[in-house]
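The values are calculated or read from the model by the stated rules, or taken from the named source; none is laboratory data. Keep in mind the model is a prediction, meaning the values are calculated, not measured. Don't worry about glycine lacking a Cβ; one is built from the backbone with ideal geometry, like all the others, and counts go over all protein chains shown.
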Amino acid sequence: MLKKIINGWAKHQVAVTLVFLAFLILYPVLFHSYYLRNVAIQCLIYSLLSLALNLIMGYTGIVVLGMAAFYGIGAYALALLTTKLGISFLPAVALAVVITFCFGVLLALPTLRIQGNYLAIVTLGFCEIIRIVELNWVSLTNGPFGIKQIPAPDIFGIKSIFGLKLSKPEGKYYVVLILLVITVVILHNVLNSRSGRAWKSIKGDPIAARAMGINVFRYKVFAFAICAAIAGLAGAYYAAYTGYVDSTTFNYNQSILILSMTIMGGLGSIPGSIIGAIFFVILPEVLRWLGTFCGEWIVEWRQIIYGLILVIMIMFKSDGILGGFDLRQIHLYNKLVKEKEAEEKQNG
Amino acid sequence: MGETVREAVLHCENITQRFSGLVAVSDVSMDVYTNEIVGVIGPNGAGKTTLFNDITGIYKPTEGKVFFGGEDITGMACHKITAKGMTRTFQNIRLFNNMMAIDNVLVGLHTATKSGIAESMLHLGRHRREEKESLARAEEVLKLTDLYDYRYHYADSLPYGLQRRLEIARALACHPKLILLDEPAAGMNEQETTDLLQFIRKLKSMGNTIILIEHDMRLVMNLCDRIYVLDHGTRIAEGTPDEVRKNPQVITAYLGEEV
Amino acid sequence: MHFQQLINGLAVGSIYALVAVGYSMVYGVLKLINFANNAFMVAAAFLLILFYSTWHLPYGLAIILALVLCAAGAVFMERASLNPIRKKNAPGISALICTVGYSTVITNLLLYAFGSQTIMVPFVLHLPTFELWGAVIDPFTLIILGTAFVLMVFLTWLTYGTKTGEAMRAISQNTQAAKLMGVDVNKIITLTFFIGTACAALSGIMIGIYYSAVDTTMSFTIGIKTFAAAILGGIGVLHGSLVGGLVIGLLETFVAGYISAGYKDAIAFIILILVLVIRPSGLFGKPVQSKV
């Protein structure tokens with residue numbers, strides 16, 4: 001069943017992507033509710049985060065448990081740049097991305113030499129250090145009170161285009177949609193290139209990758225830093241979207257949520273990450289809705305359900321729903337098989 | 001070999017490799033010249049693969065020096081040595097199982113291309129040109145190794161013999177100056193071994209220089225120009241297949257086995 | 001003042017050491033970072049509260065029940081999830097993520113059952129504090145130090161002086177060979193989980209009594225510190241975990257006492273990163289070279 005769907009999807013990849021994109025573009029036109037638009041924005045933010053983690057974990061094979069650290073650095077960077085220095089949204093986002101990229105490199109340089117599993121814990125420790133700093137460096141971050149009144153997205157001071165107010169949910173929605181589309185295009189390009197293959201080969205067999213002339217360490221550092229930068233982008237947008245940041249958003253549970261999304265959706269699959277993000281954003285909303293029928297308890301069970309999904313997923317399909325399905329490969333493979341069959345028929 | 005002075009592609013000088021007290025390779029010297037096929041043989045545990053690892057930079061030799069194309073590459077990082085034109089295969093196949101056959105070969109072309117991450121992200125000119133060239137070369141190599149019909153298969157879905165061949169294809173892609181094959185015939189049946197023998201001959205006729213570790217004596221004796229024999233980490237003989245076959249030390253080392 | 005800090009540091013450190021041993025034992029046998037270890041640690045303190053304060057069971061029985069339940073939980077995790085994952089030859093990260101999942105489930109079950117506020121952990125003995133060299137000493141710290149010492153001796157004996165320990169070390173060297181030599185691998189792994197988790201659970205109870213409070217966030221904050229302790233000493237090495245735990249406990253106490261209480265929790269991670277950078281195999285671990 002799944003196989004059939006995926007074969008069809010692989011065949012009409014471009015069409016499916018375009019239809020989905022059209023749906024995303026029309027979404028605010030179709031759904032007017034404030035609530036539904038905000039849920040959609042959450043889906044897109046988490047898609048960015050899940051994609052970021054997928055780059056490092058799904059493609060390069062490095063487990064990162066502290067994604068919230070970079071998410072938080074990006075958010076605080078934008079908050080500080082806009083409120084303290086008065087820089088406008090776009091350059092502040094760009095700077096936030098650069099800053100998280102640098103943090104990624106700084107953390108990667110000393111720690112990526114560490115063998116596999118330790119690194120996961122180091123990133124978790126890093127996440128905790130960042131959270132503690134966010135909480136305790138009161139003069140910079142305002143400590144537990146957080147940073148308030150972060151200006152909404154604008155384009156060099158322009159606050160609305162074509163009558164679309166960027167401070168309203170529909171405006172904010174299009175901002176994050178554009179950020180996500182740019183990210184997906186860039187990721188798609190790089191993953192099907194020399195560098196992308198280098199990353200995949202490191203996941204496949206790091207020793208053979210070295211023997212093929214790949215500077216494994218350097219590629220790992222870049223994968224890590226780009227992962228950090230994308231998470232930073234999500235964080236920067238998040239800060240402008242909510243107008244408020246504090247350290248409680250960027251904790252361990254946040255990291256685990258992002259991890260669940262990436263694993264659930266599928267390691268090494270871009271659409272997988274987006275599906276995973278949508279699933280986990282909608283899940284609590286569905287639970288809340290179910291709560292009106294069977295009691296509030298189910299909403300409180302949210303985190304427990306996340307954990308259970310993680311366990312069950314890992315046990316039965318450890319690389320996620322779309323993991324192991326490379327649409328490009330499936331398409332090429334099926335085409336090749338068909339050509340072969342036609343050839344054989346011709347030859348009798 | 002004659003007296004004509006040929007510069008060695010590879011020149012190993014007194015290589016010793018110790019692992020916390022255990023001597024895996026002891027004082028081994030070796031030369032490989034252009035367009036030669038050199039065999040490295042010896043009983044199990046003789047230190048053949050360790051020698052390969054020392055040459056290719058996966059290990060750093062405890063003592064001794066390795067020169068490649070006249071340049072001292074001792075202790076140089078593995079990927080840098082590969083970039084200088086030395087590629088290898090592995091005894092226990094190490095393909096990228098998460099990738100298609102053609103992508104495996106494209107990884108083999110990593111050192112032949114230059115475009116960086118940013119260029120690929122933005123789909124710039126050099127990236128596009130290199131992708132096109134790489135793809136053409138990868139297809140060429142896949143045709144040469146009779147793997148073209150399997151180009152979109154995942155590496156681990158290929159039959160064993162083809163996986164071995166794909167590993168050679170991957171090593172061959174970037175026009176290396178020297179190829180090290182670690183037991184290419186391991187696990188192959190008679191027919192596959194014969195095919196492999198002809199294939200390696202073809203590689204030589206195309207101008208490649210090859211070192212090979214092999215247990216299959218028929219292959220080694222039919223293929224190699226010269227053979228080095230290792231036993232317990234030391235070099236016990238060197239010469240043409242005929243010389244090696246008659247060497248009493250070699251016969252003792254292989255006692256009971258037909259050389 | 002210094003002496004006071006030293007005693008406090010030693011007490012906290014020896015508790016950390018016991019949790020770290022839990023990590024170390026499982027890692028030694030399976031090369032797996034058992035993320036759920038810290039969740040079980042906190043669960044034990046909560047179970048004690050449940051059994052003693054709510055159900056009014058005798059104190060000793062309540063402790064033993066809490067320990068056994070936690071250890072049994074870990075065994076369940078191993079049997080139900082980790083063992084099948086190993087059998088499938090899934091990549092190493094799968095098992096790690098699976099334990100992360102368990103840790104999330106357990107911590108949030110506790111959160112659901114007990115709420116997020118800090119709860120007092122009961123202690124029955126009311127021992128008078130006394131003064132020594134200018135420091136006020138809670139006799140409970142002595143109980144902690146004593147328990148930690150006795151357990152460390154026991155574990156060292158178990159690992160290096162018994163058939164079971166020999167089997168553990170054999171599996172850690174080469175699982176396949178150990179199996180061929182007639183070691184019942186699954187039984188030993190189960191036992192390792194049981195003992196390791198029981199140690200962590202006991203530490204959870206002791207830390208709950210020591211701080212006279214427990215809350216679910218401790219699963220993360222203390223769990224990750226004890227992991228840092230295990231790595232610092234060289235994960236898989238028992239005496240390494242002891243030293244690692246003590247070092248982190250002492251440093252943390254001194255940082256809190258002399259530098260800043262807010263950054264107390266960060267010190268373990270900074271040490272962790274520094275150690276991994278300078279000496280990835282830890283103070284007592286042997287560097288490993290991957291075989292080609």
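Taking A:Phe101, is it of a type in the set (Phe, Trp, Tyr) and either touching a Cys at 6+ places or on another chain (Cβ under 9 Å) or exposed (fewer than 15 other Cβ atoms within 10 Å of the Cβ) (or both)? Spelling it out, it is not the case that A:Phe101 is of a type in the set (Phe, Trp, Tyr) and either touching a Cys at 6+ places or on another chain (Cβ under 9 Å) or exposed (fewer than 15 other Cβ atoms within 10 Å of the Cβ) (or both). Look at segment C:62-87: where a residue is of a type in the set (Asp, Glu), no partner that is surrounded by fewer than 23 Cβ atoms within 10 Å (Cβ to Cβ) and not in a helix (DSSP H, G or I) sits 6+ places away or on another chain with Cβ atoms under 8 Å.
State whether the residues of segment A:265-280 include one that is within 14 Å of chain C (Cβ to nearest Cβ) and either in contact with a Cys (Cβ under 6 Å, 6 or more places away or on another chain) or of a type in the set (A, V, I, L, M) (or both). Yes: one or more hits. Every condition in (1) surrounded by 15 or more Cβ atoms within 10 Å (Cβ to Cβ); (2) closer than 16 Å to A:Ile274 by Cβ holds for A:Phe23 except the one numbered (1).
Just to be sure before I move on: is A:Ser139 hydroxyl-bearing (Ser, Thr, Tyr), surrounded by fewer than 18 Cβ atoms within 10 Å (Cβ to Cβ) and touching an Asp or Glu at 6+ places or on another chain (Cβ under 9 Å) in the structure I sent?
On the way: hydroxyl-bearing (Ser, Thr, Tyr): yes; surrounded by fewer than 18 Cβ atoms within 10 Å (Cβ to Cβ): yes; touching an Asp or Glu at 6+ places or on another chain (Cβ under 9 Å): no.
Taking the combined requirement at face value, the residue does not satisfy it.
Of the residues B:Ile15, B:Ile73, which single one is crowded, with 18+ Cβ neighbours inside 10 Å and touching a Phe, Trp or Tyr at 6+ places or on another chain (Cβ under 9 Å)?
Step by step, each of B:Ile15, B:Ile73 is checked, and only B:Ile73 is crowded, with 18+ Cβ neighbours inside 10 Å and touching a Phe, Trp or Tyr at 6+ places or on another chain (Cβ under 9 Å).
Residue-by-condition table, conditions (1) within 13 Å of chain A (Cβ to nearest Cβ); (2) modelled with pLDDT of 80 or more:
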| site | (1), (2) |
| --- | --- |
| C:Ala228 | yes, yes |
| C:Thr253 | no, yes |
| C:Lys264 | yes, no |
| C:Leu274 | yes, yes |
| C:Gly282 | yes, no |
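Each residue in segment B:96-119 was checked for being among the aliphatic types (A, V, I, L, M) and within 7 Å of chain A (Cβ to nearest Cβ), and 5 of them qualify. When A:Asn253, A:Asn192 are checked against the criterion of being within 14 Å of chain B (Cβ to nearest Cβ) and surrounded by fewer than 19 Cβ atoms within 10 Å (Cβ to Cβ), A:Asn192 stands alone in meeting it.
Assess whether A:Tyr71 counts as being buried (at least 18 other Cβ atoms within 10 Å of the Cβ) and more than 21 Å from A:Asn189 (Cβ to Cβ).
So A:Tyr71 passes the test.
Please enumerate the residues belonging to segment A:115-157 that are in a loop (DSSP other than H, G, I, E, B) and either of a type in the set (A, V, I, L, M, F, W, C) or touching a Leu at 6+ places or on another chain (Cβ under 6 Å) (or both). Before you say what the answer is, go through the steps one by one.
Let us first name the residues in segment A:115-157 that are in a loop (DSSP other than H, G, I, E, B), namely A:115, A:137, A:142, A:146, A:148-154, A:156-157.
Residues satisfying the conditions are A:Trp137, A:Ile150, A:Ala152, A:Pro153, A:Asp154, A:Phe156.
From the list C:Ile248, C:Ile270, C:Ile209, C:Ile222, the one residue that fits, being more than 14 Å from chain A (Cβ to nearest Cβ) and of a type in the set (Val, Ile, Thr), is C:Ile209.
In this structure, B:Thr87 does not qualify as more than 8 Å from every other protein chain (Cβ to nearest Cβ) and either β-branched (Val, Ile, Thr) or buried (at least 21 other Cβ atoms within 10 Å of the Cβ) (or both).
From the set of residues in segment C:110-134 that are without any contact (Cβ under 8 Å) to a residue 24 or more places away in the chain and touching a helix residue (DSSP H, G or I) at 6+ places or on another chain (Cβ under 6 Å), which is nearest to the other protein chains (Cβ to nearest Cβ)?
Going through segment C:110-134, the residues without any contact (Cβ under 8 Å) to a residue 24 or more places away in the chain turn out to be C:112, C:115, C:125-131.
Right, trim to touching a helix residue (DSSP H, G or I) at 6+ places or on another chain (Cβ under 6 Å) and you get C:112, C:127.
Working: C:Tyr112: 6, C:Leu127: 34 Å.
The qualifying residue nearest to the other protein chains (Cβ to nearest Cβ) is C:Tyr112.
Going residue by residue through segment B:21-34, is there one that turns out to be more than 14 Å from chain C (Cβ to nearest Cβ), surrounded by 18 or more Cβ atoms within 10 Å (Cβ to Cβ), in a loop (DSSP other than H, G, I, E, B) and among the acidic types (Asp, Glu)? No: segment B:21-34 contains no residue that is more than 14 Å from chain C (Cβ to nearest Cβ), surrounded by 18 or more Cβ atoms within 10 Å (Cβ to Cβ), in a loop (DSSP other than H, G, I, E, B) and among the acidic types (Asp, Glu).
Each residue in segment B:57-84 was checked for being of a type in the set (Ser, Thr, Tyr) and either within 18 Å of B:Leu230 (Cα to Cα) or away from chain A (no Cβ under 13 Å) (or both), and 2 pass.
In this entry, A:Arg218 is excluded by the filter for residues that are buried (at least 22 other Cβ atoms within 10 Å of the Cβ) and among the charged types (D, E, K, R).
Which is out of contact with any Leu (no Cβ under 8 Å at 6 or more places or on another chain) and farther than 30 Å from A:Ile56 by Cβ, of A:Gly163, A:Gly171? So that I can check it myself, show each step before the final result.
Working: A:Gly171 fails: out of contact with any Leu (no Cβ under 8 Å at 6 or more places or on another chain).
That would be A:Gly163, the only listed residue that is out of contact with any Leu (no Cβ under 8 Å at 6 or more places or on another chain) and farther than 30 Å from A:Ile56 by Cβ.
In segment A:326-348, which residue that is among the basic types (Lys, Arg) and exposed (fewer than 11 other Cβ atoms within 10 Å of the Cβ) is nearest to the other protein chains (Cβ to nearest Cβ)? Filtering segment A:326-348 for residues that are among the basic types (Lys, Arg) and exposed (fewer than 11 other Cβ atoms within 10 Å of the Cβ), the one nearest to the other protein chains (Cβ to nearest Cβ) comes out as A:Lys338. Taking the residues in segment B:154-165 that are crowded, with 20+ Cβ neighbours inside 10 Å and within 12 Å of another protein chain (Cβ to nearest Cβ) as candidates, determine which candidate is nearest to A:Asp205 (Cα to Cα). Filtering segment B:154-165 for residues that are crowded, with 20+ Cβ neighbours inside 10 Å and within 12 Å of another protein chain (Cβ to nearest Cβ), the one nearest to A:Asp205 (Cα to Cα) comes out as B:Ala155.
Could you tell me whether A:Arg218 is free of Cβ contacts under 8 Å to residues at least 24 places away in the same chain, within 14 Å of chain B (Cβ to nearest Cβ), touching a Cys at 6+ places or on another chain (Cβ under 7 Å) and within 30 Å of B:Arg88 (Cβ to Cβ)? For A:Arg218, the condition - free of Cβ contacts under 8 Å to residues at least 24 places away in the same chain, within 14 Å of chain B (Cβ to nearest Cβ), touching a Cys at 6+ places or on another chain (Cβ under 7 Å) and within 30 Å of B:Arg88 (Cβ to Cβ) - is not met. Of the residues A:Leu30, A:Leu51, A:Leu18, the single one that is of a type in the set (A, V, I, L, M), buried (at least 20 other Cβ atoms within 10 Å of the Cβ) and more than 17 Å from A:Thr242 (Cβ to Cβ) is A:Leu51.
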